[in-house]
Amino acid sequence: MISLWMEQVSHLPVRQSLQQDISVDVVIVGAGFTGMWTAYYLQKAQPDLTIAIVEAKQVGYGASGRNGGWLMGEIAGADGLLAKLTREQRMASHDLIHDIPDEVARVCAQENIECDLRKGGGLYCAARYPEQQQWLQAQLAQHKKDDYQPEDFVWLDKAQLNKQLKMPKAVGALFTPHIATIHPAKLAKGLATCLQNKGVQIFENSPVTHWQSGHVSTDQAKIKAKWVVPAVEAYGSQLKPMDKYQLAVHSLIIATEPLSQAIWDQIGLEKGQAFSESSRLVSYGQRTLDDRLVFGARGGYNFAGRLRKDEPLNESEMAVRLHLMHECFPILKQKAVKVSHSWGGNLALPRRFHPHMLCDRENKIAFSGGYVGEGVGATNLAGRTLADLILNKDTLHTQQPWVMNNQPMKALKKWEPEPIRWLTYKALNRALIYEDKVLADTRSPKWKRKAIVVVCDLLDAIMS
Ligand SMILES: Cc1cc2nc3c(=O)[nH]c(=O)nc-3n(C[C@H](O)[C@H](O)[C@H](O)COP(=O)(O)OP(=O)(O)OC[C@H]3O[C@@H](n4cnc5c(N)ncnc54)[C@H](O)[C@@H]3O)c2cc1C
């Protein structure tokens, strides 16, 4: 199984594979959100362009059909980059980023794409231990310094939080209105249908074995193109030369069976809010439109960036997620609610820990990726940006600090060689799980709590 989401759309028809050589203006490798949004905005801006998307498996097979469904008006690592701009530029960038969920909603309405989109905002909850409240309040203070508007991030006390989400141990939450939740596979499949109706060719089950400026090849055939857009995100770790720049790490999810109204009355989340319990295990959840609780958290890393296989979670992976979910919602344990689905996926970490939207004008290669697990929204902005870059337009999209115009892929920072990456990631993951245990245990002495936080801060800093 790929994911709950993909299972729920598995009745949709499969597309033909690439059988013969063709020639187009733009060829895109990968039918995830990056590839499809790029095709969408290119086609919209210049309807006579010929565009083909070549997908190794099926539309939405990658992270785009497996994620937690948080459609965020955020870009990972943006604040550090925006700090170098003027106040006016920074605020214009904030508006651009915050508008992402609304832009996706506008396109979905216009193109009749039904993907369960609900803009209920995001709740970063101080859910389980006092340090979470300190971290979130520090974030809020930093957001103020970074010129966010007061309404962009609001502190909710326990009573205010309870009106939206009830977690017995939570003491409050940082709320942002700029997040929606979606059914990711419905968005992926809906976008693909929309693109095909507009004349974009999509080939499934056609793994690209070789790509370079001017063409891509599969075992069956070749596509010649003026522009090549490799949009494979974490799968770049298997496709040279992207393996140097995009590291595949995993995120792992569980989903419950649909829950009764009586249980939801004790949890809340009536407006499709996204929520996190705010530990460093990077958890995320949502209540689906069919009333399941979907809950995920960061996963592991395979030596040399090998991809995670399509298999359910193993015992220990399941145990971590169940533990976190039950800590937040003990009612689910009391009622012995069953987990009906578990799955994992690959996402890409770039060495600079923020996405890159790059245009190598000389070789006519446009490339975006490295969303650090926050790509559901960022890919929409990436699609608009790559389209503008390819069409050589100077716009607000192309002026953002994560855009690398007129630069080759090798301008990206490379990852360190193995075994450094594997050892660092393993050490960090172990430390984070241990930190969570220490902090969640009310009997842990103060010195131990402080010490483990310092160690994890240090490992985090080494990684970034
Ligand atoms: C478990 C999980 C949970 C996540 N949760 C969230 C979330 O809630 N919110 C959020 O913002 N982000 C989340 N993310 C990240 C987000 O899903 C991704 O950043 C985003 O979907 C990336 O889209 P993409 O199109 O760039 O890559 P992908 O969706 O991975 O698409 C790449 C495509 O390329 C294809 N491909 C690979 N190699 C080849 C080849 N050789 N030839 C042809 N095709 C190829 C793949 O099959 C795949 O379909 C999550 C990721 C995971 C894994």
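Just so you know, all these numbers are worked out from the coordinates, no wet-lab data involved. What you see is a predicted model; the values in this text were computed from it and never measured. Heads up, the Cβs are rebuilt from the backbone with ideal geometry, glycines too, and the neighbour counts pull from every protein chain shown.
For the chain, the longest principal axis of the Cα atoms and the long axis of helix 446-463 meet at an angle of about 10 degrees. In order along region 99-113, the Karplus-derived 3J(HN,Hα) couplings, from 6.51 cos²θ - 1.76 cosθ + 1.60 at θ = phi - 60°, round to 6, 3, x, 5, 4, 4, 4, 4, 4, 4, 5, 5, 9, 6, 9 Hz, and Gly and Pro are given as x.
Taking every DSSP helix (H) stretch of at least 4 residues in the chain, weighting each as -39,500 (n - 2.57) and dividing the sum by the residue count yields a mean residue ellipticity at 222 nm of -10500 deg cm²/dmol. A straight chain from LYS198 to ALA159 at 0.36 nm per residue would run longer than the Cα-Cα distance by 9.1 nm. Sequence-ordered 3J(HN,Hα) estimates for region 395-407 from the Karplus curve with 6.51, -1.76 and 1.60 and θ = phi - 60° stand at 9, 4, 4, 7, 8, 6, x, 8, 8, 10, 8, 6, 9 Hz, glycine and proline given as x. What do the square roots of 5 times the Cα gyration tensor eigenvalues come to for region 348-458, in whole Å, largest first, as semi-axes of the equivalent ellipsoid? Taking √(5λ) for each Cα gyration eigenvalue gives 39, 16, 10 Å. Kirkwood analysis of the chain, using all unique Cα-Cα pairs, places the hydrodynamic radius at 22.6 Å. Using R0 = 25 Å, the C-beta based FRET efficiency linking LYS338 and LYS169 works out to 0.60. Amide H contacts of TRP227 (H built 1.01 Å from N, in plane; Pro and chain starts excluded): VAL26, VAL27 sit under 5 Å, all sequence-distant by 5 or more or on other chains. Between ALA451 and GLN110, the contour length at 0.36 nm per residue exceeds the Cα-Cα span by 117.5 nm. Given region 201-311 reduced to its alpha-carbon atoms as identical point scatterers, what log10 I(q)/I(0) does the Debye formula return at q = 0.12, 0.15 Å⁻¹? Scattering profile of region 201-311, log10 relative to I(0): -0.67, -0.84.
Each 10 Å bin, from zero up to the one with the longest distance, holds this percent of the alpha carbon pairs of region 416-464: 27, 46, 21, 6, 0. Note on SER23 and ALA138: their simple-model spin labels are 5.9 nm apart, each label 7 Å out from Cα toward Cβ. By the count of other C-beta atoms within 10 Å, a proxy for reagent exposure, SER368, SER213 are ordered fewest to most as SER213, SER368. Applied to region 377-391, the Karplus parametrisation 6.51 cos²θ - 1.76 cosθ + 1.60 on θ = phi - 60° returns per-residue 3J(HN,Hα) values of x, 4, 5, 5, 5, 4, x, 5, 5, 4, 4, 5, 5, 4, 8 Hz, with x for Gly and Pro.
Evaluated on region 1-158, the Kirkwood hydrodynamic radius is 19.2 Å, with distances taken between all distinct Cα atoms. Using 0.36 nm per residue and subtracting the Cα-Cα separation, the extra length available between HIS215 and ARG430 on full extension is 73.1 nm.
Helix 130-145 and the long axis of the chain differ in direction by around 50°, with both axes built from C-alpha atoms.
GluC sites (Glu not before Pro), restricted to region 118-214: which are DSSP loop and have at most 12 other Cβ atoms within 10 Å? Taking region 118-214 and a limit of 12 other Cβ atoms within 10 Å, the loop GluC sites (Glu not before Pro) found are GLU151. Give me the net charge for the shell around ILE223: Cβ to Cβ below 12 angstrom, other residues only, Lys and Arg +1, Asp and Glu -1. My count for the surroundings of ILE223 gives +1.
Going from the fewest other Cβ atoms within 10 Å to the most, the residues ILE253, ILE267 appear in the order ILE267, ILE253.
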